[in-house]
Number of protein chains: 2
Amino acid sequence: MDVSQSIKEDMLNNQLPRGVPLRQKELSLRYGVSRIPIRDALLSLKGEGWLVPHGKAGVMIPDLNWKEAEDLWLMRAELECLLFSMAFDRIKSDDLTQAKIITQRLDKDALSLIERGELNWQFHHTLYRSAERPTLHQVVARLNIQVVRYMGFQYGPLGYKATSQYEHSQLIAMIESKDKQAALMFLRRHIEEAGRLLVSYLKQID
Amino acid sequence: MDVSQSIKEDMLNNQLPRGVPLRQKELSLRYGVSRIPIRDALLSLKGEGWLVPHGKAGVMIPDLNWKEAEDLWLMRAELECLLFSMAFDRIKSDDLTQAKIITQRLDKDALSLIERGELNWQFHHTLYRSAERPTLHQVVARLNIQVVRYMGFQYGPLGYKATSQYEHSQLIAMIESKDKQAALMFLRRHIEEAGRLLVSYLKQID
DNA sequence: CGAGTAAAAAATGTATACATTTTTTAAGGG
DNA sequence: CCCTTAAAAAATGTATACATTTTTTACTCG
């Protein structure tokens, strides 16, 4: 497997320390490659928002905090609704079929956090792709990548799984009945509500 | 100077070919360093959206197109207004002073594209920073980086400079008179109008 | 003549060794 | 005792050499 993928998994499973610089040497020993591919991975992960600079050199795993979460879900609400409205009238039945399949797969419990995050994004991605707006789509995709870092809370203490499942099916139904207005409002609430729940939890444990 | 900075400048001045893979060897000869720092620069630039993947390996300079421009200015309108509204009531007089200084500096003609882009972002950044929303701010910053690639059109054939100058002073005046509603609307129009102008021009030369 | 394929060329990916920068540590002075 | 500062240690940054992958080229077969 690719090194940067392994680092992501370990990050999500809290196998790597937050707030202190990640040492290239350590990582190279840990993953059994030289420092060059480690450097490449760290640069990419920094670019994707998984890592942030630490002082003048080096990178670290950013702390989770309610302010960041709030911003992420705010942006998701704005941009995903925009993208969804562009896609709505052009969503293919094939896409709907696939969205249903993804929903079923999300129903299984035996999923790692990273797999669940991946599938969750694929669900939304499937609904948005017929908009054919690559640049907007890409920014939304980046947000969804960042969001994965908070999924440990959502699916752990917040018991978000059931709610999320239900809302996915609801959304599909609204698309099938071609009720654009309702679907848009529902999607916005779906995102905003998840954000509110997470933010208030994060504030509380702070 | 940093290699990635040099590459950016050359990109903006059309000194590097679009659409074909950038060769690490060539770049290493061109900038007089080995391939390792070139690789690092390319990875970072890809992460920042200056470069896109080319096939299974390598990167290339993306083509400019109206669809991307439209998305970028759409997202800017949404997110910058959001950020600006969060900042508005907390903007310090120091920030306003600095914004005025930046406006003056933008008045000079003897600026490279990259300098002009940098200053233009600094102007907006100064107005937004008191919002203290790092994550939202960072996404907006990234959009403004991407936008720089289109500045050759805006300040060349579209004669955007005078308009932009005027609008910057207007915006400052509205902040000083604490008219939030008006300032927000003005900012949105400022961004949307620039986007419309650019998009219609790009469609035309397509 | 075109499509498919295999060999060669050329590119990217990686390891090791060295250079430079940053951080840490410890010593000295206020 | 704390702050400053300089030396040492440890980290990141870079160059060269080699490995692997990708792309190109040229050839064969239909």
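Taking the criterion of being more than 7 Å from chain A (Cβ to nearest Cβ) and under 14 Å from the mean Cα position of the chain (by Cα), the residues of the stretch B:46-63 that qualify are B:GLY49, B:TRP50. Scanning the stretch A:53-68 for residues that are away from DNA strand D (no atom under 16 Å from the Cβ) and touching a Lys or Arg at 6+ places or on another chain (Cβ under 6 Å) yields a total of 2. Report, by residue number, each residue of the stretch A:187-203 that is out of contact with any helix residue (DSSP H, G or I) (no Cβ under 6 Å at 6 or more places or on another chain) and under 16 Å from A:GLU78 (Cβ atoms). Listed by number, the residues that qualify are A:ARG189, A:GLU193, A:ALA194, A:ARG196.
Given the criteria polar (S, T, N, Q), under 16 Å from the mean Cα position of the chain (by Cα) and over 28 Å from B:GLY47 (Cβ atoms), does B:GLN165 qualify? Please lay out each step first, then the result.
On the way: polar (S, T, N, Q): yes; under 16 Å from the mean Cα position of the chain (by Cα): yes; over 28 Å from B:GLY47 (Cβ atoms): yes.
So B:GLN165 fits the description; yes.
Which of the residues spanning the stretch B:1-40 are hydrophobic (A, V, I, L, M, F, W, C) and either under 19 Å from the mean Cα position of the chain (by Cα) or within 15 Å of DNA strand D (Cβ to nearest atom) (or both)?
Here is the first cut: in the stretch B:1-40, the residues hydrophobic (A, V, I, L, M, F, W, C) are B:1, B:3, B:7, B:11-12, B:16, B:20, B:22, B:27, B:29, B:33, B:36, B:38.
B:MET1, B:VAL3, B:ILE7, B:MET11, B:LEU12, B:VAL20, B:LEU22, B:LEU27, B:LEU29, B:VAL33, B:ILE36, B:ILE38, listed by residue number.
Here is a yes/no grid of residues against (1) surrounded by 18 or more Cβ atoms within 10 Å (Cβ to Cβ); (2) in the same structural domain as B:GLY152 (by TED's automatic domain parsing); (3) more than 30 Å from B:ARG196 (Cβ to Cβ):
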| site | (1), (2), (3) |
| --- | --- |
| B:ARG30 | no, no, yes |
| B:ILE38 | yes, no, yes |
| B:SER44 | yes, no, yes |
| B:LEU51 | yes, no, no |
| B:HIS54 | no, no, yes |
| B:ALA77 | yes, yes, no |
| B:GLU80 | yes, yes, no |
| B:ASP89 | no, yes, no |
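Whenever a residue of the stretch A:8-33 is farther than 15 Å from A:LEU45 by Cβ and more than 14 Å from every other protein chain (Cβ to nearest Cβ), its partners that are more than 12 Å from DNA strand D (Cβ to nearest atom) and among the charged types (D, E, K, R), lying with C-beta atoms within less than 7 angstrom and at least six residues away or across chains, give the pairs A:GLY19/A:ASP63. Against the list (1) away from every other protein chain (no Cβ under 14 Å); (2) more than 19 Å from the chain's Cα centre (by Cα), the condition A:LEU43 fails is (1).
Only residues that are under 28 Å from A:LEU202 (Cα atoms), in contact with a Gly (Cβ under 8 Å, 6 or more places away or on another chain) and not basic (Lys, Arg) were counted across the stretch A:33-61, and they come to 5.
The helices (runs of 4 or more DSSP H) found entirely in the stretch B:98-185 that carry 3 or more residues being among the β-branched types (Val, Ile, Thr) and either crowded, with 16+ Cβ neighbours inside 10 Å or away from chain A (no Cβ under 14 Å) (or both) are B:134-147, B:161-176. Scanning the stretch B:102-116 for any residue that is in contact (Cβ under 8 Å) with a residue 60 or more places away in the chain, assigned by TED's automatic domain parsing to the domain that holds B:ALA194 and under 11 Å from the mean Cα position of the chain (by Cα) turns up at least one such residue.
At least 3 residues being within 16 Å of DNA strand C (Cβ to nearest atom) is the threshold, and among the helices (runs of 4 or more DSSP H) wholly inside the stretch B:6-95 those reaching it are B:24-31, B:35-47.
Residues of the stretch A:151-165 include none that is of a type in the set (D, E, K, R) and in contact with a Gly (Cβ under 7 Å, 6 or more places away or on another chain).
The values are calculated or read from the model by the stated rules, or taken from the named source; none is laboratory data. Given the structure is predicted, the values throughout are model-derived calculations rather than measurements. Backbone-built Cβ (ideal geometry, glycine too); neighbour counts: all protein chains shown.
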